[in-house]
Amino acid sequence: MPTALITGISGFIGKHLQRQLTSQGWQVYGFDIRPGMDNVFVGDLTDHAALSRAIAESKPEVVFHLAGAIKSNDADVYYKSNLFGTLNLFDAVMQSDIRPAMVVASSSAVYGLTSGSKPITERSPFHPVTDYAVSKAAQETAADAILMSSLYGMGEMDLQGFKDKCREAGLADVLLYIGGVLGVQRHDFKEDEATFRTLGFDRVYPPEADLNQAIADLKADLKVRGT
C-alpha cells in the first residue's frame, strides 16, 4: 500500500486529496496545526522536531506540501510559514533516511497582476506584488537570491530581522535585493540605502531604477559566487 503525508490536510485541498488518495488505496497521514483528525501529526511548520517525527513515523513515499499562511496582517507570518517552514520540511526529510517524492503547492499569485488575453502558464515570468506572493515565489524556487519590491513604504518596518530569519533557515548566503518606495515620506535615497544595507540587503534601488540594471547586477553577483 503506497503511503502519503499531506501537510495542511485539514484545508480545502487537503481534505479532497485525502479522500481521493484513500479511495485509490493509499495510506494517508497528515501534518496539521489542527488536532482531532485520525492519522494526523499535530504541529507547526516551524517545529523541526514535529516534522521529523511525522516523516520518521509515516515513512511516506510522497509528501504533498499544502500547508502555509494565506491571510495575515503580519507580513512576517508569510515568510516564516511559506518560505522558512518549507525549508524546515525539506531539511527534516534530508536528515531522515527516507527519500519521498515532494509535491509543493504554489499559487498563481506569484505571477502578479496580468493583462491581455494570453493565459498564464508555468513558463510565465514571476511578478509577485504582495508579501504572500513573494513568500510563495521564494518557496517555489529555493532561490539563490530574493528580490523584493516595496510598494507602500513600509519595508523598513516589515523587514526588521529578515536577514536573521534567512540565517536561521540556512540561507545565510542568499542575496537580498530591494527597490521601490522605501519610505512613507520622501527620503534622501542615500539614507534609505544605508538603512537597508544595515538590515542585510546586498543591493538597494530607488523607485525609478531600471529593472535591466537589477538583472545585470544579479547576474554579476551570482557569477562572482560561482552560481
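Odds and ends about this structure:
- Among the candidates MET102, MET157, residue that is of a type in the set (A, V, I, L, M) and more than 21 Å from ILE6 (Cα to Cα): MET157
- Every residue from the range 21-67 that is over 20 Å from LYS80 (Cβ atoms) and touching a Pro at 6+ places or on another chain (Cβ under 6 Å): TRP26, PRO60, GLU61, VAL62
- Some residue of the range 105-123 being among the basic types (Lys, Arg), out of contact with any His (no Cβ under 6 Å at 6 or more places or on another chain) and closer than 19 Å to THR3 by Cβ: no
- Of all residues in the range 84-110 being of a type in the set (S, T, N, Q) and under 17 Å from ASP131 (Cα atoms), the one that is surrounded by the fewest Cβ atoms within 10 Å (Cβ to Cβ): SER108
- When LEU45, LEU21, LEU17 are screened for being in contact with a Phe, Trp or Tyr (Cβ under 7 Å, 6 or more places away or on another chain), closer than 18 Å to ALA105 by Cβ and not small (Gly, Ala, Ser), only LEU17 passes.
- Residues in the range 162-176 include at least one that is surrounded by 14 or more Cβ atoms within 10 Å (Cβ to Cβ), assigned by TED's automatic domain parsing to the domain that holds LEU218, under 17 Å from ALA209 (Cβ atoms) and at pLDDT 75 or above.
- Considered as a group, the residues in the range 33-43 that are surrounded by fewer than 17 Cβ atoms within 10 Å (Cβ to Cβ) and either out of contact with any Leu (no Cβ under 9 Å at 6 or more places or on another chain) or closer than 18 Å to ARG99 by Cα (or both) include one that is modelled with the highest pLDDT, and that residue is VAL42.
- All positions within the range 56-83 that are surrounded by 15 or more Cβ atoms within 10 Å (Cβ to Cβ), farther than 21 Å from ILE146 by Cα and among the hydrophobic types (A, V, I, L, M, F, W, C): VAL62, VAL63, PHE64, LEU66, ALA67
The values are calculated or read from the model by the stated rules, or taken from the named source; none is laboratory data. From a predicted model like this one, the values you see are computed outputs, not experimental measurements. Heads up, the Cβs are rebuilt from the backbone with ideal geometry, glycines too, and the neighbour counts pull from every protein chain shown.
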